[in-house]
Amino acid sequence: MNIGWYFKMAWRESRRSRGRLILFASSIILGIAALVAINSFDANLRENIESQSKELLGADLRVFSSKPLLPEQEAIIKSLGESIEAEQSTEVSFASMILFPKTGDTRLVAIRALEGDFPYYGKMSTNPSSAATEFRKKQATVIDKTLMIQFGVEVGDIVKIGALEFEVSGSLLGVPGQTGFGSAVAPAVFIPKRYLEQTGLVQKGSRIENLAYYKVEDSEKLAALIEEVKPQLKKNNLRFTTVQKRKEDVADAFSFANKFLNLVAFLALLLGCIGVASSIHVYIKSKVKTVAVLRCIGMTGWQSFSVFLIQILAMGIIGSILGAILGSSIQMLLPTVFSSFLPVDVVMKISWSSILLGIITGIIVSILFALWPLLSIRNISPLNTLRESDGAKNSFDFLRMGVLVLIGIFIAGFAYFQIRDFKSVLLFCGFLIFSLGILIGISALIIWAVKKFFPSRFPYVLRQGLSNLYRPNNQTLILVTCIGLGTALISTLFFTQDLLISQVEFAGTGNQPNMILFDIQKDQAEELEEMAAGFELPIIQKVPLITMRLNELNGKSIEELSEDPDNDVSRGMLNREARVTFRGEMVESESLTEGEFTGNFEGFEDVPVSIAERYQNLMDLKLGDRLVFDVHGTLISTIVTSIRKVDWTKLQTNFFIIFPLGVLEEAPFTNVLVTRVPNNEVSAKFQQSVVTKFPNVSAVDLSLILKTVEDLLNKVSFVIRFMALFSIITGLLILVGSVIISRYQRVKESVLLRTIGGTRKQILTIYFVEYFILGSLASLSGILLALLACWLLAMYSFKMVFIPGILPIFMIYIVITGLTVLIGMLNSAGILSKSPLEVLRME
Amino acid sequence: MNSILSVKNLSKHFSNNKLSLTVLDNINFDIMPGESVSIVGASGSGKTTLLGLCAGLDQPSSGEIVLNGTKLNNLNEDERAILRNKDVGFVFQNFQLIPTLTALENVMVPLELQGAKNVRKIASDLLARVGLKDRAKHYPSELSGGEQQRVALARAFCNSPKILFADEPTGNLDDSTGALVENLLFEINRELGTTLILVTHDLELAKKTQRVIRLKGGKILSDEINEGIANDPTLYASTDQV
């Protein structure tokens, strides 16, 4: 027999079953679509990052320092440009308040005082477009477009920044290197650098960033120079970013997001896989007689298997191709979905590699997940032609066990391919197995409990509906697993988002502080406190804040520690500027875990300091460790004498490092004031007064943070929900598929019931009971799993207390159960609209 | 002459955790090539189980079956399937046509499995022989019961089997249609010289075979050359009375 015959037979045999096979194909379409869309988007994004790499930075090289520049640093920056014959721009960037005199409103913004022609690559996009150059010529500004809209600012209006007034040249639509996402907290406001000093905003201790941008024609010369001056830059605390580095950072940031989205897409695909296994399982059951006849007339087990494998393979290929086409179409939407997060303009085109990967994945999962039920064909006895039985012989099958192992390997392997992190893969697979185990366990429990405690005195229709849960060919296991897993996934996304938002909202309730004023100079503190008292605002905290750098740790310099591969100290923390306070006691949000807190000390040698647990972990510290800090040029040696546990979730000033009183009082520091404003009106008036009198002082209102966090979470959750949509629709398709498949099993009994006098209402009630119980248990199981997942996330990842809302739980339960019942009833209505004779003939 | 089917000490038991049931108990007989044999008995007497075992659809609990010189006990499921394809034909009470194949395709399948040539011509001729030439492209659901059984007959004979097993071939048909199918079965059987083993309740049908094996409670009650068993009142007594 030639191979062509198998194809011919598979084609002939599929004639009356193509609807059901298409249902199987539809299970994987959306999973593959999600996968192809995400992978294509990633490929396009990487390509665009590569092609627009210089626009990510706006220059060939950026040198920066987060402290006011010392004369020698200024000299290095200047000479660097001259030595490579580069065009050069400089910028001073810091957070400050802006006042809109027209309305009296104030807002925290990121002031970017610019000198030179930056950006050299890409363009500063403004409306009108001439504003990008016009503002540089006069005492003018361009302001982020969201601020223009929010405060009703028009071109030509005057805004006050510090002590100076600026004319608004236009609105800022975009600038190389900045995403919409990044400017959400503090929107950018550009001014010419030459007016910076007159604003009076840069004072001692102000938190500013100095930047220099270079455009270099000769890239080889630049690379050589960077190698040459690297030690000098490092020595002078000047950091630098090249195009290559920026490109890598951006790609890294997006690869994390991409991994997460891939995981969501993979979950949609996994749901589809469950759909494949379930539909093939029922499909094979419907083919028992046919296979038995074929075996009777001489077909071997493997020959029968091959015929049906060809059908599955064909459907897998069709489903994967359709999924790839759909995914390639959806990817065109993704730049819009992700617009808030993208650092470059993404031009989408077809990614053939992603399509190929999607199709191959689709075919593999179709076959792999179909194999488990499909292999049972080999065990269908020809005796089924002589006697009715429920299908294959139930003997232990090594091949089927092998397929289960392969499925496990595939899931773990593919998850690793997507996220490249063993720990995450273990967690993901562990929770997946756990979830499946729970859902299968719940199904078994339902079947057992209904049998064991069967309410034999209930009315007939209720008893019949209940007994459908455990009778042969029941759908309990497959529906509870599919719907439960889908519900768990979607609920987790909802609950996590609520968890994060509720945490921010909680901070704004009761007597919690809701406004922080910072950059307060020593001589301004007293007057500002009086001003707050005038507004009847309580001073909840007044905290000195001083910046310093770590110089040595236990006798080793930062350079030595950075280059030592054996130490576990966070490299980021080593080089970061530390913001430190000094006080005589601990505050409400702190508790001592080790050592003794020292409140007072005299001298600059071996100063006893207290560190937070988080800092201890990041820096791998213990009691008695010695740290030397560079405080504005003065070296102060310290000893860790106490370790504190800090509640970081409270809106107040918390610190990694606390010095005792008596050491830093004479150093240049600023103050931070924490207060509580009763309402938005008082908040606006108070901020207005502060900005007018103390232009250098910035105020952060919690409502602003809350709104910003909400905005950001909404944007993030929109993306997540967009991706979750694939899972939701796949889940629905599986639900529809499972219910339709069960239709074939229910037809005969419906017809018999109707033949012997059952009314349509009675039969519909039977189905209602069955689907209501299935939908309820599946959705509740899914919600339970989601609550567990969120509790674990809250506990171990976000370090928060998770208090789930009753309303979202109720809503999810109602929607999922309602959909299950609705689809079940619609499906049953189709059976009932036909006459018994018509259905019997079809059978 | 060697027998085409030899059954020696054949027994079949079914058991679950609590109960054991002997369906066939120490059955012995030989059937010669070209012979037509009826296996008759009451419901539950073991007729269908015996047919299934003789055709290699199931394995006995003990005893030996030799079909056309091949000992079935030594073959696995697939080897028995290949043997059936080569040497055996089947006709079932409920026709057992493949619902997704047309009448012609149903007849072609056994030959296609063999990899034979001129499959379509052979199948078409057989369909014509059973009077269904015009119904070749119809699906089973579009055929009457009698027509379906005639298609099944064509399929059973298409591979020129050495032995044909028929399980109540007229059990689902009315008298006149049943008679038509009966006649076709015996006619083609004679034409091809096939050995026929027929399981039936219908004593009139059994009378048409050369030999009748009577089963009762899983044992052979009698094995005799056909002469007037139709009037035997003990044949359909309850198995409990045995």
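Couplings 3J(HN,Hα) of region A:813-818, computed from phi: 4, 4, 5, 5, 5, x Hz, in residue order, whole Hz [Karplus 6.51 cos²θ - 1.76 cosθ + 1.60, θ = phi - 60°; x for Gly and Pro].
As an equivalent ellipsoid, region A:324-450 spans semi-axes of 40, 21, 15 angstrom, where each value is the square root of five times an eigenvalue of the C-alpha gyration tensor, largest first. Here the gap between A:Ser79 and A:Glu749, fully extended at 0.36 nm per residue and compared with their Cα-Cα distance, gives a gain of 232.2 nm. Accessible surface for B:His201 stands near 80 Å², nearest 10, in the context of the full protein assembly shown (1.4 Å probe). Contact order for region A:279-405, expressed relative to its length and based on alpha carbon pairs under 8 Å spaced 6+ residues apart, stands at 45 percent.
Note on B:Asn183 and B:Leu75: their simple-model spin labels are 3.5 nm apart, each label 7 Å out from Cα toward Cβ.
Go through A:122-135, B:202-215 and give me the packing order, highest mean Cβ count within 10 Å leading.
Working: A:122-135: 17.6, B:202-215: 19.4.
Averaged packing, sorted descending, gives the order B:202-215, A:122-135.
I want to verify the translational diffusion coefficient of region A:539-675 in µm²/s; compute it with Stokes-Einstein, Rh as the Kirkwood radius over Cα pairs, at 37 °C and 0.692 mPa s. The partial results should precede the final answer.
Working: Rh = 15.2 Å.
D = 216 µm²/s.
Summed over both chains, the accessible area lost when A and B associate is about 2700 Å², using a 1.4 Å probe. Its relative contact order, with pairs defined as Cα atoms under 8 Å and 6+ residues apart, puts chain B at 27 percent.
Between A:Lys645 and A:Ala223, how high is the FRET efficiency from 1/(1 + (r/R0)^6) when r is the Cβ-Cβ distance and R₀ = 41 Å? Nearest 0.05.
Details: r = 47 Å, r/R0 = 1.15.
E(calc), rounded to 0.05, equals 0.30.
Placing unit charges on the Cβ atoms of the charged side chains and taking the dipole of chain A about its Cα centre, the candidate lying farthest along the positive direction among A:Pro544, A:Thr759, A:Phe398 is A:Thr759. If the limit is 22 Å between Cα atoms, which of B:Lys12/B:Lys219; A:Lys67/A:Lys235; A:Lys235/A:Lys556; A:Lys145/A:Lys349; B:Lys117/B:Lys137 go over it? Too far apart for the 22 Å limit: A:Lys145/A:Lys349.
The Cα trace of the protein assembly as shown gives Rg and Dmax of 41.5, 131 Å, the first to one decimal, the second as a whole number.
In this rough spin-label picture, where each label sits 7 Å from Cα along the Cβ direction, the A:Glu681-A:Glu50 distance is 6.0 nm. Helical runs assigned H by DSSP (4 residues or longer) give the protein assembly as shown a calculated mean residue ellipticity at 222 nm of -16500 deg cm²/dmol, each run adding -39500 (n - 2.57) before division by the residue total.
Summary value for chain A: 17 percent relative contact order, contacts being C-alpha pairs under 8 angstrom separated by 6+ residues. The peptide list A:528-538, A:545-555, put in order of mean Cβ contacts within 10 Å with the highest first, becomes A:545-555, A:528-538. For region A:54-249, pairs of C-alpha atoms spaced more than 31 angstrom apart make up 18 percent of the total. Mean partner shielding of peptide B:47-54, defined as the number of other chain Cβ atoms within 10 Å of each residue Cβ, is 2.
Within a straight-line Cα-Cα reach of under 19 Å, B:Lys162 can be paired with the following lysines, leaving aside sequence neighbours fewer than 8 residues apart in one chain: B:Lys71, B:Lys86.
Could you compute the FRET efficiency for B:Ser176 and A:Val815, with r as their C-beta to C-beta distance and R0 at 56 Å, rounded to 0.05? So, using R0 = 56 Å, E works out to roughly 0.40.
With the full set of protein chains in place, find how many percent of the accessible area of region A:54-249 is carbon and sulfur; take the probe as 1.4 Å. Display every interim value, and only then the final one.
On the way: 4320 of 8740 Å².
The computed percentage sits at 49.
Label-to-label distance for A:Lys522 and B:Ile225 is 13.4 nm, based on points extended 7 Å past Cα in the beta-carbon direction.
Rolling a 1.4 angstrom probe over region A:539-675 with all protein chains present gives an accessible area of which 47% lies on carbon and sulfur atoms. Taking 0.36 nm per residue of sequence separation and removing the Cα-Cα distance, the A:Leu623/A:Phe417 pair yields an extension gain of 70.0 nm.
Considering only Cα atoms, the convex hull volume of region A:27-136 works out to 216 Å³ per residue. Taking every residue in B:97-108 and counting other chain Cβ atoms within 10 Å of its Cβ, the average works out to 4.
Dipole of the protein assembly as shown, Cα-centred, from +1 at each Lys and Arg C-beta and -1 at each Asp and Glu C-beta, to the nearest 20 debye?
On the way: 104 positive and 105 negative charges, 1010 e Å.
The dipole of the protein assembly as shown has a size of about 4840 debye.
The values are calculated or read from the model by the stated rules, or taken from the named source; none is laboratory data. Everything numeric here is computed off the predicted structure, so don't read it as measured data. All Cβ positions, glycine included, derive from the backbone under ideal geometry; neighbour counts span all protein chains shown. These accessible areas exclude ligands, DNA and RNA; they are computed on the full protein's heavy atoms, side chains included. Shrake-Rupley method; radii C 1.70, N 1.55, O 1.52, S 1.80 Å.
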